[in-house]
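The next block holds one structure in the form of structure tokens; read it before the comments.
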Amino acid sequence: MKAYRAALLRFDDDHNPLYESDGLLVVGPDANGRRVVRAAGSHSALVDRFPGVAVEDLRGRLIAPGFVDMHVHYPQTDVIGAPAAGLLPWLENYTFPHESRFHDEDHAREVAGFFFDELQRHGVTTALTFATSHPQSVDAAFKEAQVRGLRFITGKVLQDRHSPDGVRDDTEQSLIDTETLIQRWHGVDRLGYAITPRFAPTSTPAQLRGAGELAAKYADVWIQSHVAENLDEVKWAAELFPDARSYLGVYGDFGLLRERAVYAHCIHLDADDRALMRETGAAAAVSPTSNLFLGSGFFDYAAADAAGMRYGLASDVGGGTSFSPFHTMLAAYYVGREGQSKTGLSLTPGQLWWQHTAGAAQALGLAGVVGNLQPGNEADFVVLNLQATPLLARKTAQANSLDELLFALIVLGDDRVVERSVVAGG
Ligand code: GUN
Ligand code: ZN
């Protein structure tokens, strides 16, 4: 066992932040040997319960749950900042040519290594990520995550039409490859598999049907895709699937809406779509830096809450512009404020932070596993330096409330704040 003394941030069951200015986090193995949080609370209340346990003194720092990125593309690490006139030209001109290089496992492994270094440098300890259509891109990412001991989910992209040579796969082989990869990786150490149709326009009905059959056969495997990101994409999906009630309805028709199904964007949905999200337990990965960069639109938080659908935050690199959860939370605040195309509201710093930690974990079906520092959670956490920049030191010293402290970090924070990312207790 080991303990850490610092300010401590956690969340209660009602999504409220819990804060201890002088906290203690005790980590150690559970009955199954997993390194978990054994106790968390104020130093004075806990210290006598753990005599003989070494305490690392991190006073002056803030310990918070490791961030959870609900949607990111590791093969698009080198696509960040590629300008385009919207989603579809961006895919064609930048993304597909980059992804075609991942048939080479050495290239995939090199990019995966860099990607995980970036995630951890920015305080992200769990991610649900797209690989590419090449099975070796999945092997490369899992191998790299396994070495680092991360809880991590990925899957081979399915795209058997409307895709150029080099990324387009074969319907039957793609489904065989998916099942092979599920059997090879799902549930190994902290790794999980996600069935990954890129989006409805690049899969034939036969491929979507096969994906849905695998999703039924392997009920605790994840599903990930994109939906209703961009108006041109929505129109294209309607032309390709004229019998579906809506774009989201296509996924429902093929058995791809259920718990552990994560759909990036969910911007251009209607009330029936949002009800379908809630009824099926599928979750939205809100990707604000990507939506602002590609000019896709604004996620409607008020409508999502009214419908009771699940969601959490995501970087969506390389459509997204940053691996930093601080940048993503700030962009989510801007998106929430936008009040011309939908109801504008002010997300609180506690809500923003929850959406990128415990809320994202809950949306992934991993509540109580990652994203929080309540007892029993796996001990993935970040050590934050509130004095990382002169302005941040000044603002945090003046903070009169937890909201003010967290907002200062969200608005001014970036990788400089993240002194350490601790995976599975350190
Ligand atoms: N829709 C289909 N593929 C992609 C992708 O790679 N990025 C984004 N943002 N949207 C997509
Ligand atoms: Zn994406």
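A few points about this structure:
- Just one of the numbered conditions (1) surrounded by fewer than 15 Cβ atoms within 10 Å (Cβ to Cβ); (2) among the charged types (D, E, K, R); (3) over 30 Å from S225 (Cβ atoms) is not true of K395: (1).
- Residues in segment 411-421 that are buried (at least 21 other Cβ atoms within 10 Å of the Cβ) and either of a type in the set (A, V, I, L, M) or part of a helix (DSSP H, G or I) (or both): V417, V418.
A quick yes/no check of all residues on (1) assigned to a strand (DSSP E or B); (2) among the small types (G, A, S):
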{"residue": "H15", "(1), (2)": "no, no"}
{"residue": "L25", "(1), (2)": "yes, no"}
{"residue": "A31", "(1), (2)": "no, yes"}
{"residue": "V36", "(1), (2)": "yes, no"}
{"residue": "G41", "(1), (2)": "yes, yes"}
{"residue": "V53", "(1), (2)": "no, no"}
{"residue": "D57", "(1), (2)": "yes, no"}
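- Of residues in segment 158-182 being in contact with a helix residue (DSSP H, G or I) (Cβ under 8 Å, 6 or more places away or on another chain) and of a type in the set (V, I, T), the one surrounded by the most Cβ atoms within 10 Å (Cβ to Cβ): T178
- Pairs where the first residue, in segment 270-288, is within 26 Å of G320 (Cα to Cα) and the second is of a type in the set (D, E) and within 16 Å of ligand 2 (Cβ to nearest atom), C-beta under 7 Å, 6+ apart: S287/D316
- Residue check for L345: more than 16 Å from ligand 1 (Cβ to nearest atom), within 18 Å of the chain's Cα centre (by Cα) and assigned to a loop (DSSP other than H, G, I, E, B): no
- Residue in segment 270-284 that is within 13 Å of ligand 1 (Cβ to nearest atom) and at pLDDT 95 or above present: no
- Residue check, G320 surrounded by fewer than 21 Cβ atoms within 10 Å (Cβ to Cβ), of a type outside the set (K, R), touching a Phe, Trp or Tyr at 6+ places or on another chain (Cβ under 9 Å) and touching a residue at least 24 places away in the same chain (Cβ under 8 Å): no
- Filter pass, V72 being among the β-branched types (V, I, T) and farther than 30 Å from M1 by Cα: yes
- Inside segment 134-150, residues that are surrounded by 24 or more Cβ atoms within 10 Å (Cβ to Cβ), in a loop (DSSP other than H, G, I, E, B) and in contact (Cβ under 8 Å) with a residue 60 or more places away in the chain make up a count of 1.
- Extreme residue, surrounded by the fewest Cβ atoms within 10 Å (Cβ to Cβ), among residues of segment 11-26 that are under 15 Å from G376 (Cβ atoms) and more than 24 Å from the chain's Cα centre (by Cα): V26
- Answer from P29, P75, P51, P65 - the residue that is away from ligand 2 (no atom under 16 Å from the Cβ) and buried (at least 19 other Cβ atoms within 10 Å of the Cβ): P65
- Selection within segment 359-376 - touching a strand residue (DSSP E or B) at 6+ places or on another chain (Cβ under 9 Å) and surrounded by fewer than 24 Cβ atoms within 10 Å (Cβ to Cβ): Q362, G365, L366, V369, Q374, P375, G376
- Note on segment 293-322: among residues that are of a type outside the set (S, T, Y), touching a Gly at 6+ places or on another chain (Cβ under 9 Å) and over 30 Å from A219 (Cα atoms), the one that is nearest to ligand 2 (Cβ to nearest atom) is L294.
- Single residue of Y251, Y263, Y301, Y247 found to be away from ligand 1 (no atom under 16 Å from the Cβ) and either crowded, with 18+ Cβ neighbours inside 10 Å or in the same structural domain as A215 (by TED's automatic domain parsing) (or both): Y301
- Among the numbered conditions (1) buried (at least 20 other Cβ atoms within 10 Å of the Cβ); (2) within 16 Å of ligand 1 (Cβ to nearest atom), the only one that R101 does not meet is (1).
- Among residues of segment 257-291, those that are within 16 Å of ligand 2 (Cβ to nearest atom) and closer than 22 Å to W236 by Cβ, counted: 14
The values are calculated or read from the model by the stated rules, or taken from the named source; none is laboratory data. Quick caveat: nothing in here was measured; it's all calculated off a predicted structure. Virtual Cβ from ideal backbone geometry, glycine too; neighbours counted across all protein chains shown.
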